[in-house]
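Undergrad: Here it is: the structure, laid out below.
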Amino acid sequence: MTKIVNSWNDFDPLKHVIVGRADNSVIPPEEPATSEKVPVDSEMRGMWGPRPTETVEKANAQLDNYAKVLEGLGVKVDRPTPLQWNQEIKTPDFRTESGMTQMPPRDILLTIGNEIMASANSFRCRYFEYLAYWPLMNEYFEADPEFKWTQAPRPRLTDKSYKHNYYDEKITLEERLVRTANKDFVTTEAEPMWDAADVMRMGKDLFIQHGLTTNLKAMEWFKRYYPDLRVHSLNFPGDPYPIHIDATFVPLRPGLIINNPHRPLPEDQRKIFEANDWEIVSAATPAHDEPPALCYSSVWLSMNCLVVDHKTVIVEESEVYQAEQMDKLGMNVIPVPLRDAYAFGGGLHCATADVYREGGCEDYFPNQAGDTTLV
Ligand code: GLY
């Protein structure tokens, strides 16, 4: 029997992965969820439309090279089927002028055991992004009789799903951080909404960032859908734009996590890690002062690495401080250039989605200390 899909965490030996593509990527027009994601001082504000062809070509060249490096490590690599994103997105509930991309599969696909689930993203422009992965899902479905091909409940994304007048260009960084600390985000609790990149998978435990792209109702939904798993809500009050956990809190191997020093995990939420002898290390300073042009993400994509196995990690080639730290932490570091692809949706981890890692559903946190499960 062919087993295609299996992955319970981000560090067991990687054997099969999806790497995104930049083709047809569009900077989407503003909408209730994205207006908060684009930093106020970003040159992307007020700008939308297809991304320049030469940037797409450069990004694809690096993504293709990344795929080759992975294949050289014995990892099977699949690629999505690009759609034309420069077209209107319309449902009975909303209309927006364009889609976005199929560069970061990590935002869309969540692999838990033998299941790959398409997420319930809060951005209207991302409503049909899953379609780029459906040909692969169909292949896996035909080949692997145990593969569970799933779509989370589709959010309606009506105006009720967002706080209106939340976006305020005059708000200071300090005020923005107060909002994060108060768990005051642009999305409401009208329906479950989540990006797969907010979910850190750790065997029996799912640690999910509550922020601009994932709400508490999503966590309640996860609890009911996966009754055998434990669902934890994490907050990172130092992040003015809390979106996706993988530039903030990144496991390298069982027992070791790097944490963005500007976004430390609060004391009460650290307890579960400490009680189970996990070490939380502050990540190294990024090598860059600014993200690349037209990029949604911060310089902390420096942390956004892909762990290949408990001893091997791929780090972006220019992130010399992060590479040095990983080396000191006992990892073999493989540098791969990907900065030209950052603007299309993130770094090395974002640009992939797990299909198969060795290993099973381990219990890394038998001592359920702290109050992260109170969702
Ligand atoms: N949340 C992704 C970043 O820090 O850029």
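Undergrad: Please report the net charge: other residues with Cβ closer than 11 Å to the Cβ of residue 156, K and R +1, D and E -1.
TA: Numbers: positive: 124, 154, 160; negative: 93, 159, 191.
Neighbourhood net charge equals 0.
Undergrad: Rank 188, 101, 352 by mean-square fluctuation in a GNM of the chain with C-alpha springs under 10 angstrom and give only the top-ranked residue.
TA: 188
Undergrad: Zone of residue 225 (label point 7 Å along Cα→Cβ, backbone N under 16 Å): which residues in the range 231-262?
TA: Label zone hits: 231-233.
Undergrad: Normalising by the residue count of the chain, find the relative contact order in percent from Cα pairs under 8 Å and 6+ residues apart.
TA: On the way: 873 pairs, mean separation 88.8, N = 375.
Once normalised by length, the contact order is 24 percent.
Undergrad: Where the accessible area of the range 1-130 is counted over protein heavy atoms with a 1.4 Å probe, how much of it, in %, is carbon and sulfur? Don't skip to the end; give the middle numbers.
TA: Values: 2310 of 4700 Å².
On the range 1-130, the fraction of accessible area on carbon and sulfur atoms equals 49 percent.
Undergrad: Can you give the relative contact order of the range 74-225 as a percent, counting alpha carbon pairs under 8 Å and 6+ residues apart?
TA: Values: 217 pairs, mean separation 33.1, N = 152.
Answer for the range 74-225 is 22 percent.
Undergrad: So which residue, out of 102, 209, 151, gets the largest mean-square fluctuation from a GNM of the chain using Cα contacts under 10 Å as springs?
TA: Greatest mean-square fluctuation among the candidates belongs to 151.
Undergrad: Please state the Cα pair-distance histogram of the range 92-161 with 5 angstrom bins from zero: what percent is in each bin?
TA: Each 5 Å bin holds this share of Cα pairs: 3, 16, 26, 22, 16, 10, 5, 2, 0.
Undergrad: Which residue, chosen from 245, 293, 232, occupies the Cα position most advanced towards the positive end of the dipole of the chain, where the dipole is computed from +1 (Lys, Arg) and -1 (Asp, Glu) charges on Cβ about the Cα centre?
TA: Of the options given, the answer is 232.
Undergrad: Taking amide H positions as placed in the peptide plane 1.01 Å from N, state which residues far from residue 230 in sequence (5 or more) or on other chains have amide H under 5 Å from it.
TA: So residue 230 has HN proximity to 205, 206.
Undergrad: I would also like to ask the following. Using only the Cα atoms, what convex hull volume per residue in Å³ does the range 1-107 have?
TA: On the way: hull volume 18.0 nm³, N = 107.
Enclosed volume per residue, from the Cα hull, is 168 Å³.
Undergrad: Using only the alpha-carbon atoms, what does the range 142-230 span along each of its principal axes? Please give whole angstrom values in decreasing order.
TA: 54, 28, 22
Undergrad: Which residues in the range 239-257 have a backbone N closer than 19 Å to a point placed 7 Å from the Cα of residue 173 along the Cα-to-Cβ line?
TA: Under cut-off, by backbone N: 239-243, 247-248.
Undergrad: Work out from phi, with θ = phi - 60° and the Karplus expression 6.51 cos²θ - 1.76 cosθ + 1.60, the ³J(HN,Hα) of each residue of the range 94-106, listed in order in whole Hz, and give x for Gly and Pro.
TA: 7, 9, 9, 7, 7, x, 10, 5, 10, 7, x, x, 4
Undergrad: Ok, one more. Expressed as a rounded percentage, what relative contact order does the range 275-375 have, with Cα pairs under 8 Å and six or more residues apart?
TA: Answer for the range 275-375 is 29 percent.
Undergrad: With springs only between Cα atoms under 10 Å apart, run a GNM on the chain and tell me which of 47, 117, 193 wobbles the most.
TA: In the Gaussian network model the winner is 47.
Undergrad: May I pose another question? Could you run the Karplus curve 6.51 cos²θ - 1.76 cosθ + 1.60 with θ = phi - 60° over the range 3-10 and give me ³J(HN,Hα) per residue in whole Hz, x for Gly and Pro?
TA: Rounded to whole hertz, the list is 10, 9, 10, 6, 6, 10, 6, 9.
Undergrad: Dividing the convex hull volume of the alpha carbon atoms of the range 243-308 by its residue count, what do you get in Å³ per residue? Kindly include the intermediate steps, with their values, before the conclusion.
TA: Working: hull volume 6.1 nm³, N = 66.
Spelled out: Cα convex hull of the range 243-308, divided by residues, is 93 Å³.
Undergrad: Any idea how far the Cα center of the range 282-354 sits from the one of the range 47-124, in Å?
TA: 18
Undergrad: If eta is 1.306 mPa s and T is 10 °C, what Stokes-Einstein diffusion coefficient results for the range 230-375, Kirkwood Rh from Cα pairs, in µm²/s?
TA: Numbers: Rh = 16.0 Å.
Translational D for this selection: 99 µm²/s.
Undergrad: If you roll a 1.4 Å probe over the heavy atoms of the protein chains, what accessible area per residue do you get for the range 69-172, in Å²?
TA: 43
Undergrad: Right, here's the next one. Checking the a/c ratio against 1.5 first, then a/b against b/c, what shape does the Cα gyration tensor give for the chain?
TA: Values: a/c = 1.18, a/b = 1.09, b/c = 1.09.
Rounded, because the longest to shortest axis ratio a/c is under 1.5.
Undergrad: While we're on this one: Let's test the formula: R0 of 41 Å, r as the Cβ-Cβ distance of residue 281 and residue 94. What FRET efficiency results, to the nearest 0.05?
TA: 0.45
Undergrad: Another question, then. Per DSSP helix of 4 or more residues, -39500 (n - 2.57); summed, then divided by the residues of the chain. What does that give at 222 nm, rounded to the nearest 500?
TA: Numbers: 8 runs with 74 residues, N = 375.
Value at 222 nm, helices only: -5500 deg cm²/dmol.
The values are calculated or read from the model by the stated rules, or taken from the named source; none is laboratory data. Worth saying up front: this structure is predicted, and the values here are computed from it rather than measured. When we count neighbours, we look across all protein chains shown, and the Cβ atoms used for this are built from the backbone with ideal geometry, even at glycine. For the accessible areas, the whole protein counts, side chains as well, though only heavy atoms, and no ligand, DNA or RNA atoms are used. Shrake-Rupley method; radii C 1.70, N 1.55, O 1.52, S 1.80 Å.
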